[in-house]
Amino acid sequence: MYGTRAVILGAGIIGAACARELALAGCTTTVVDRGRPAAATTAHGEGNILVSDKGPGPELELAQLSGRLWPQIIAEMSERADGVGDLTEWDPKGGIVVATTEDGARELTKFAAAQCEAGVRAETLDAEALAAAEPYVTREHTAAVHYPEDAQVQPSGAAAALLADALRAGATLRTHCEVHGAVTRSDRLTAVRTSDGDLIEADIFINAAGPWAGELSTRLGAPVDVRPRRGDVLVTTPLPPTVFHKVYDADYVGAVGSSAEDLQTSAVVESTRGGSVLIGSSRRRVGFDDRLRVDALSAIAAKALRLFPSLTDVPVMRAYGGFRPYVPDHLPVIGPDPRLAGLWHAGGHEGAGIGLSVGTARLVRDLLMGRPTEIDATPFRVDRPAVLGTAQGGWAA
């Protein structure tokens, strides 16, 4: 693999993580982005690194791999450059899921038990323990589960740290360079045409374009069904310590797994190092319509107040939204494209891309090098019906 020319198409956190792994493995690595690094989906995330919202299965296994890798990688980067810890804002704060209905309590209890069987640490909290962990959370709850393995990073900072480590290892970066098409030879992708008017040649190309991966893959002649799904977040003014974990209601898991096109909301509340509280979350398929919508923001705020009534009079200083890469079967797309040699995909993580980035990059590296992977990568393969648009409801159906 040493000397293999690799081009990463996308400089968000997935692309940055892939670039780091390949550059450190000896690849001649180039990262190409049509804008600036980490300026799109990554910049509009909350930085979640979660196992709490994932049931047993391949995505949980990828989350567990990533959870093991994050502190290791941050430590490795810190040895090569000062200030990485401050840049990433790594915070293994843990998460707490709270149910506020009897049905929610039953489902949360069942869900947590299944996760424990899959190796997740999940600890039931009684009313006294919950009040000690989160003094301002609602007392009108029916169940609560603590997930000590949940963590958080500052997403743009973490992406910048990963990319900087790739550049230190010899990678190069091209910004404001859009890919317009493909050059193929004998059914193999050998180069991409760019907005700069030149060709970028390589041995492999990794589509890490996030919500734009579907559009990019179509330009390259091997379309995958990755679509944008809109999410919005409210940001409060800085507060005294108020929220000490990532806290969300038990409806969040259902919203994550939903395929509905209409608005899905749930309460997700957490603090940042600067003292602001981030309040989410919403999911809605509206294409690339980037307008903030009052109905979504109002629904988010209302659900958050059920969890934290103390936030009622707290000013919101801004709101932002972004697009997440959605795949109909809710699994990432990781690996080589069987239709076009030389093309690989690393995307489709929806709202979990920050947390899953380093595990995804490790899978890409090991698959490229022909090494055994730490988890089974088969469920993420490109030739799934949901990815190729052959499943019912897919774009080619």
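The values are calculated or read from the model by the stated rules, or taken from the named source; none is laboratory data. A quick note: this is a predicted structure, and the numbers were derived from the prediction, not measured. Virtual Cβ from ideal backbone geometry, glycine too; neighbours counted across all protein chains shown. The area values use the complete protein model at the heavy-atom level, side chains included, leaving out ligands, DNA and RNA. Shrake-Rupley method; radii C 1.70, N 1.55, O 1.52, S 1.80 Å.
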Radius of gyration and maximum dimension Dmax of region 75-229, Cα, Å: 23.1, 67
Calculate what fraction, in whole %, of the accessible area of the chain sits on carbon and sulfur atoms when a 1.4 Å probe is rolled over the protein chains. 51
The size of the Cβ-based charge dipole (Lys, Arg +1; Asp, Glu -1) of the chain about the Cα centre, to the nearest 20 debye, is 980
Please report the net charge: other residues with Cβ closer than 14 Å to the Cβ of residue 131, K and R +1, D and E -1. -3
Averaged per residue, the 1.4 Å probe accessible area of the chain, protein heavy atoms only, in Å², is roughly 40
Env charge @ residue 101, Cβ radius under 15 Å, K,R +1 / D,E -1, value -1
Match the structure shown to one of the listed values [x] 85, 58, 39; [y] 75, 51, 41; [z] 65, 50, 41 of Cα extents along the principal axes in Å, computed from it, and give that label. [z]
Within the chain, how many Lys pairs sit with Cα atoms under 20 Å apart, leaving out pairs fewer than 8 places apart on the same chain? 5
